[in-house]
Amino acid sequence: MRLDAEQLTVFLTSISIMLLMARLLGELFIKLKQPAIIGEILAGIILGPTVLGVLMPGFSAWLFPKTPEIQVAMDGIFSLAVIMLLLVSGLEVDLAVVVRQSKTAFLTSFMGIIFPFALGFALAYMYPNYFGINDEKMRLIFSLFMGTAMSISALPVIARTLMDLNLIRTEIGLIILAAAMFGDLAGWIIFSLILSMMGAGGGTLGFSDKILLILGFTLFMLLIGRKIVNKIFPYIQKYFVHPGGVLNFIFILGFLCAAFTEFIGVHAIFGAFIVGITIGDTAHLREKTREIIHQFVTNIFAPLFFVSIGLRVNLLTNFDPLLVLIVVFIAFTGKVIGCGLGAYWGNMSRRDSLVIGFGMNSRGAMEIILGLLALQFGLIQDKVFVALVIMAVFTSLISAPVMNYFLKGRMDFSLRDILDRQMFIISSAPDKDSVIREMVSLAAKKYNIDEETLFQQVKSREELIPTGIANYLAVPHAKAKVSRPVAVVAFHKEGLDFEASDKLPAKVILLLLTPQDKSELQLKLLAEIANKFKDKDSVESLINTDKPESIISALKNA
């Protein structure tokens, strides 16, 4: 099976139009101060059978033909897109923060499964006839499916939303990602059990074998795989062309592990996400390489996947308003309340708990994939499938704006939110101007700020009032053209004179940049930094470590 010249022409035209519409609508929503993902999903609805298929059916049929060859090609592109998106998302995860917040993430995930699952199961079990289930033997299986469909999230949509909102490296973002990962894993395992009960599960692996394999894979990659990757990376960077060798290694390992988890029956995206976490945790991954992967995937492949959500089904056909309303209500109520309570019990504030609840509410293509499989095996009827699709699209569209609403005015970043292992240097600079120049250069390159302007801002502040604090700490700082706080940490073994009140040389120099309109945030972070260095004995123990880079981890956990 291969594409002939006409089919290849149609295929390339389709991809081009999808990218064009995704970019145009994505840019529009960015200008409206909303995430680009909303425009990308709407682009799919406009190009799909819901709008274009009704207004211009002939052109729609030509642009997105149902021929097996083109369908296979499209599905391959969309699968690659979502796998690469999850790989990129994993690269952004700080495993130390996830481990530290494991209690909150677990409670969020647990409540985000139990609460919507119970609602979905109870409704389907009590009123099976309304959903078209007349066979009493299918009642339990269908109820289990509806509970699963209400509880599973869409990790790809969640990850892209967090990227668009600049939350993916924050405490809230990592809690949402970790909780979504646990929840989706549980959801796919439950769905595998449902297929086994129907006799529809493929492959030779039993249910218990799948669980053992996926747990073994996860533990191996996060405990042993991280150390192996950390040892391999320097050799790749030394003996292979950069960044090509590193990029090849990342995608090869990502695709292989995605294939493994797909074989197990827990979906390829899970394997890609775990590999991303494994690789992203190494200190040898250069920021430039990370940025190349991020830009390539989020601007080319990811939009195609989100456009594909709207292409999959006509939202007006088999539309049952009451059924759609019920499904959407259960989905919203179950997920937002469940995850919100879990986050709140995990010691998050009420506002942050609501942000987490709505962040976990995105369903997206994962729900559609579940629905397609259930429809294929005869478990649900068309009207239930359409209700699930509308719920998936609606929750994906509404989550980002609602999160944005609750995040407005929220600039209560803590130091651990902004510390980044990639923004750490060991310096041997001869004086404070030189070390400030080194840190400013690193920040300017990563955040696309004019280096000389930034240096002058920091230097002017330093000349006004020296920023040496006490206990070997100095915090040069300035208000800059950044959307969120930025921290760069330099470790200087001999220490430099920053005119601290206790006359001790600064061995830990922390450059702090904050948004120009957030004076109170700068004061808050400065106070938090000073508080972490108030105990001289602890600081001396810290700066005498054989591994100076551990300062980052110590500062986060202090």
remark   = Among Gly338, Ala480, Leu215, the residue whose Cα sits farthest towards the positive end of the charge dipole of the chain (+1 at Cβ of Lys and Arg, -1 at Cβ of Asp and Glu, taken about the Cα centre) is Gly338
task = Compute the long axis of helix 287-296 from its Cα atoms, compare it with the longest principal axis of the Cα atoms of the chain, and write down the angle in degrees, 0 to 90, nearest 10.
result = 30 degrees
ask   = Using only the Cα atoms of the range 385-461, what do you get for the radius of gyration and for Dmax, in Å?
value = 20.9, 67
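First measure r as the distance between the Cβ atoms of Thr67 and Gln516, then evaluate 1/(1 + (r/R0)^6) with R0 = 45 Å and state the FRET efficiency to the nearest 0.05.
Details: r = 55 Å, r/R0 = 1.22.
With R0 = 45 Å, the Cβ-Cβ based efficiency is 0.25.
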task = Binning at 10 Å from 0, report for the range 47-138 what percent of all alpha-carbon pair distances ends up in each bin.
result = 12, 17, 19, 33, 17, 1
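What share of Cα pairs, in percent, lie more than 28 angstrom apart in the range 415-557? Let's see the in-between values first.
Details: 865 of 10153 pairs.
Here the tail beyond 28 Å accounts for 9 percent of pairs.
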message = Rg/Rh for the range 106-162 to two decimals, with Rh computed the Kirkwood way over all alpha-carbon pairs.
response = 1.11
query = Taking the Cα-to-Cβ direction at Phe263 and at Asn318 and moving 7 Å from each Cα, how far apart do the two end points lie in nm?
reply = 3.4 nm
query = Taking neighbour Cβ counts within 10 Å as the exposure measure, how do Arg160, Arg437 sort from fewest upward?
reply = Arg437, Arg160
task = Consider just the alpha-carbon atoms of the range 350-486 and return their Rg together with their Dmax, both in angstrom.
result = 24.1, 74
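Can you put Val297, Val157 in order of Cβ neighbours within 10 angstrom, beginning with the fewest?
Working: Val297 23, Val157 30.
Result, fewest neighbours first: Val297, Val157.
Take the Cα atoms of the range 276-364, build their convex hull, and give its volume per residue in Å³.
Numbers: hull volume 13.5 nm³, N = 89.
Residue-normalised Cα hull volume stands at 151 Å³.
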inquiry  = Within 10 Å, at most 15 other Cβ atoms, and a DSSP state outside H, G, I, E, B define an exposed site. Report the longest part of the chain free of exposed GluC sites (Glu not before Pro).
reply    = 1-498
query = Per the helix-only calculation at 222 nm, which mean residue ellipticity applies to the chain, given -39500 (n - 2.57) for every DSSP H run of n ≥ 4 and division by its residues, nearest 500 deg cm²/dmol?
reply = -21500 deg cm²/dmol
request  = In nm, give the distance between the simple-model label positions of Lys231 and Asp497, each being 7 Å from the Cα along the Cα-to-Cβ direction.
outcome  = 4.7 nm
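What Kirkwood hydrodynamic radius do you get for the range 459-539 when you take the inverse of the mean 1/r over all pairs of distinct Cα atoms, in Å? Please report the intermediate quantities before stating the final value.
On the way: mean 1/r = 0.0774 Å⁻¹.
The answer is 12.9 Å.
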ask   = Once you list every other residue whose beta carbon is under 12 Å from the beta carbon of Ser441, what net charge do they have if Lys and Arg are +1 and Asp and Glu are -1?
value = -1
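Hey, with R₀ at 45 Å, roughly what FRET efficiency would Arg350 and Thr13 work out to, going by the Cβ-Cβ distance, to 0.05?
Working: r = 50 Å, r/R0 = 1.10.
Given R0 = 45 Å and the Cβ-Cβ separation, E is 0.35.
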task = State, to one decimal in nm², a quarter of the convex hull surface area for the C-alpha atoms of the chain, i.e. the direction-averaged projected area.
result = 27.4 nm²
key: Distance violations [Cα-Cα > 19 Å] among Lys210/Lys231; Lys31/Lys288; Lys481/Lys532; Lys446/Lys532; Lys493/Lys536; Lys459/Lys524   = Lys210/Lys231; Lys31/Lys288; Lys481/Lys532; Lys446/Lys532; Lys459/Lys524
task = Report the extension gain between Glu27 and Ile337 in nm, rounded to one decimal, defined as 0.36 nm multiplied by the number of residues separating them, less their alpha carbon distance.
result = 108.4 nm
request  = Have a look at Gln457, Ser501, Gln522 and report the one farthest towards the positive end of the charge dipole of the range 415-557, computed about the Cα centre with Cβ charges (Lys/Arg +1, Asp/Glu -1).
outcome  = Gln522
query = If you keep only loop residues by DSSP, which trypsin sites (Lys or Arg not before Pro) in the range 21-77 have at most 16 other Cβ atoms within 10 Å of their Cβ?
reply = Lys33, Lys66
query = Taking the Cα atoms of the range 81-407, what is the range of coordinates along each of the three principal axes, in descending order and whole Å?
reply = 65, 47, 35
inquiry  = Testing the spin-label approximation: label points 7 Å from Cα along Cα→Cβ at Val54 and Ser102. State their distance in nm.
reply    = 5.0 nm
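Each reported figure results from applying straightforward, stated rules to the coordinates on display, with no laboratory input. Only a predicted model underlies this, so the values are computations on that prediction, with no experimental measurement involved. Glycine gets a Cβ as well: all are built from the backbone with ideal geometry, and neighbour counts include every protein chain shown.
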